[in-house]
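Notes for the one structure printed next.
The numbers here are math on the coordinates, done by the rules we state, and not lab data. Note that this is a predicted model, so its numbers are computed, not measured. Here the Cβ positions follow ideal geometry from the backbone for every residue, glycine too, while neighbour counts run over all protein chains shown.
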Amino acid sequence: MDQSQLAMVVPRRYLLSEPPSAPVMASSCSQALRHHVCKSSRILRIHLQKSYRSFALNSAADQQPAVSSPEEIVIPKKKTWSKEAVLQALASAVKRDPTASDSRFQDDPYLTPKTSSEFKLFSLSQESGRNAAKYFINTYPKYFQKDYAQPHIPCLMPETLEAQIEEASEAALIERIRMRKVKAAVDLYDQLLQAGTSVSLDVTNQLLDLICFCGDHDPAQENVPEQRNEETEDVQDEPQAKKGRAPKASGLLKATWKENNNAERIFALLSEPNTHSYSALIRGMVKYGAYSKAFSTYTDLLNNRLKADVQTFNALIIAAPEVKEKYNEKWELIVDLLKQMAEQKVKPNLLTLNAVLKALRRCGTLGKSQAFPVISEMKALSIDPSLASYNHLLTIFYKTGATIQGQTDILQEVMNEVSGKSFTAQDPDDAQFFITAMRICLDTKDMEQAYRVHELLGVGENWRLLGNDFQQNIYYARFFSLLCMMENIDVMLKWYRDLVPSVYYPSSNIMRDLLQALDTDNRLDLIPQIWKDIKQLGHANRQNLVEELLILMAREKHNQEVQESFAECALDIKKIYDTGDRGKVLLSWTAGSLSDLISVLLAAHRRQDAWEMLKLFKTHNRVPSEELLNRFLTCVKEAGEVNQAVELVQISAGFCLPETPKLIQRVQQEFELTEQQRNMLSDLEIQTFNSD
Amino acid sequence: MYRRLLININQVRNRFIHTHNTRLTLPSTKCKERESFAPNEVNAEVNTDGQKNTEMNEGTDISNATLTSQLETEPVVKPEDSKQLEKTKSGKESLLELLGAMKVEVTTVRKIRPSKTPRMSESESSNIFLYFSGTLNPALVAAVSAAASTLPNRHQAESELLKQLRKHEAIPDTQRRADLGHIIADMKVGKRPNGRSNVRPTSQISFDDDGKGYTQDKGITSELGVRRRKSPFTSKRLNLFAAGAEQDTLSDLGPTLWDIDLANQIVQGTNQMPRNGFEEMIQWTKEDKLWQYPINNEAGLEEEASVPFHEHVFLEKHLDESFPQQGPVRHFMELVITGLEHIYWFRDYFRQKEDVLKEAEA
């Protein structure tokens, strides 16, 4: 063993060139070699296996004895793993659990959202809790100085929000720029200039960047609790959610480029502005809507014999549709800009071409003719289109609201291009693709492409590009509408059970679509099950949804079992009508809903429950229909309840229904009445006659 | 139930479109090539109406093959479909529909629906009319005279049309169909600048379901078969940039404010929520909130990594001031900081004491 260990230390080359005249040594060496091989890394083993395999192949082919010299073992380079490598491998082994709620709610089962409003509420409160904590830490840093973490975790420590360097110097200016304090930085810059201190061009450019980026306003405090945009898809769904919406970036959007603002002033002070200075100015102007000014600044840049950079061109392409009226003028301007880019040897990037495609969306029919050449140009420059590019493409060919004219093939072509690819986010518009594609599928009623779109969503990290919760909601709403419309109910329900409610909380409209799909496929027997979901999803207070459900249940005759479950469901619905939420009545009875409910109960031979319901007509000032009373009477007759029949006539008379005489006649003919009842009925007959 | 019917229709139609799309992608892509990717702009619409002619300010001549191929491949309008379409029919669309109807009548029906505006602007387009009708239907004769009335030399035109019509009668069915391509080829095809109305021209011009006509024109299709699989993604490029041209890079000063903002926008736009506990841990690791999961033996030794090895080995500098410069303490400490010496010292020590040890029988 000693020997072999020793041999291990001996370089391999030496071992291999060992003369065969030392058999003992050789055997120990081979032992050592085996040992060595065992200890070597996995990759080395693979390498060995490969070489053995190729060796075996060679010998088999040559039909020669194996005397070839042992293969050179190449020690592979050290593989450096990212620090998340192990976690990534573990995470990739975890599959989505269709019965679990979103991962962020799993800490506390009590806070598992059941409805979309709860989902919004809980996720936003989680977010705002984090923001509040951060706000306090940053506002009162002195209370949060104790550093428990070992090793130190910088991101848990309070951020310094106050400038540390007091005296007027370039370092202080850089600090203020870094902290995005626009006003302070501009003031300091002026101070420096007045004191005669020169500021380097780089720092001035950074200052220009800051001013242009912020539009000459101090940006809103970042740690002020902020929400993502939470526009509800169907407003009727969530009226109270609108109140909670934060002001967002609305203030920022309103800000416009002001004549002679600090950026322009400082820019004018520059003796020799360079490309960066111009770039900052032009980008700022485009960002804050001074489009034609941006173009004149660009002309200025050319006059100064400077070249623009790719970002400048990108900004100008974004601005191009704004400065021209006609479609062809817009496009000509863009082509002109692209030509100038080529002349100035500026290589376009993905954002350039996405900007071109986005501009083409506003170029009318030109878009359709030019979009594909633009994509081809991208590919020729070996720029892979991102999902945003495809999104623009689809939007060009399928305009919202316009009727679809046999352009299914474009979506198909796009899907052929993207299928199976994993995308990473490179453009803020990337997250629009899935929504757009699904909208088109819905518009063209193309189930096949919808499945392909959905499949693409599952590839790699593509799910990230579906966007935030709001966008996910839209996407799934469209997917489900399409499923309800086009798929048979079994497939539809398979999707439904897979996605609801773990990733999607359907709106009441989607639930109505689902009911209609049940109707279409004659699976109304599933209604009680769906009703449970409706209750769970918080749509039980939607009058039109509940009424639709009642209509569907009452419409046709089913077998006894189904009727029984319908009756249970109907009684459950009645409870919702009765209780209301916190004393507030959510649903109000209509004649239709009452009679539907009674019909359901009668069909299940629940005469007593139905009788109770019948009384509600009076309490809620609704009038029952003739048909319902007749049906009721038939049911009463089956049970042979003479008293109830007479009572029914009395109720009818109480509503002064024109059909009362007929009912009286029926009762007189079909029931065996006592003398007293007979008298009562004839009295009623006279009364109704008189009232007529 | 009406909804159900609609759904069924849609399903049927979609299936239908699909089969046709897969089978017959060639012509449309070909059109795309020629017509710069706006196949739907090209109305396969014959200028049978003078009024319409003036309307089309961008009348484009389309080449023979393009149009024929498009006509060849148009799927037959499903009865349900046309029913659906009829609902939203205006004057122009009825004209289109007329065309569609005519096409169907090539071999099967010998009747023609009279046009609401039967004026013809070009004699060649009225030829089409005759072709489709076959026999000298009185309605057709009326249409001919109506068409001729729009032309300057009315009587001549009429007689010419009728002559053509009778001549046509003699032509056998198959040849007639073969000729159809040429006639359609000579037609002017209107191109409307704006999006068309809600009726798809593709479904308007329908094809015979007896299949004979199709095989007749197969020559053209197969001739163009080479380009069948061409997708629009392989179209011509703009050719503005030279491929492979490298940008002379400007001095890079690290990410600017704009770059940070872009990255921020991208992050905001995408879903960054972890889907499971591991992903959350990844997020924490990225934020440096979590001690990284060990991936090798040096995990967590970041501080040590900055200490060179000799600082672990040569420890003399620690003896400088706080210890006497010489004497037994100094000697002892020197041995302490050089561990190996220490061992030798003990070896020597015990060797010296060997006799004593032997005496003690240890």
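Projecting label points 7 angstrom from Cα along Cα→Cβ for residue B:272 and residue A:399 puts them 3.7 nm apart. Once a ≥ b ≥ c are taken as the square roots of the eigenvalues of the Cα gyration tensor of region A:558-692, is the result rounded (a/c under 1.5), prolate (a/b larger than b/c) or oblate (a/b not larger than b/c)? Oblate, since a/c reaches 1.5 and b/c is not below a/b.
Shielding of peptide A:155-161 by partners, expressed as the average count of other chain Cβ atoms within 10 Å per residue Cβ, is 1. The label point for residue A:497 and the one for residue A:682, both projected 7 Å from the Cα toward the Cβ, are 6.4 nm apart.
Could you give the length gained on full extension between residue A:612 and residue A:130, defined as 0.36 nm per residue of separation minus the Cα-Cα distance, in nm?
Values: separation 482, 0.36 × 482 = 173.52 nm, distance 5.28 nm.
Length gained, residue A:612 through residue A:130: 168.2 nm.
In this structure, residue A:556 and residue A:335 have a Cβ-Cβ separation that, at R0 = 56 Å, corresponds to a calculated FRET efficiency of about 0.30. The chymotrypsin sites (Phe, Trp or Tyr not before Pro) of region A:136-177 that DSSP puts in a loop, and whose beta carbon has at most 11 other beta carbons within 10 Å, are A:148.
Couplings 3J(HN,Hα) for region A:279-287, derived from phi with the Karplus relation 6.51 cos²θ - 1.76 cosθ + 1.60 (θ = phi - 60°), are 4, 4, 5, 5, 5, x, 4, 5, 4 Hz, where x marks Gly and Pro.
With r defined as the distance between the Cβ atoms of residue B:297 and residue A:448 and R0 fixed at 60 Å, what FRET efficiency is calculated, to the nearest 0.05?
It comes to 0.70.
Extending 7 Å from the Cα toward the beta-carbon at both residue A:639 and residue B:319 defines two label points whose distance is 11.0 nm. Annotation: the residues A:139, A:520, A:312, sorted from fewest to most other C-beta atoms within 10 Å of their own C-beta, follow the order A:139, A:520, A:312.
With R₀ fixed at 30 Å, the C-beta to C-beta distance from residue B:354 to residue B:329 puts the FRET efficiency at about 0.65.
Checked against a 26 Å cut-off, the cross-linked pairs A:330/A:399; A:287/B:286; A:134/B:286; A:83/A:287; A:399/B:236 give Cα-Cα distances beyond that limit for A:287/B:286; A:83/A:287.
Computed over region B:303-360, the convex hull of the alpha-carbon atoms projects to a mean area of 6.0 nm².
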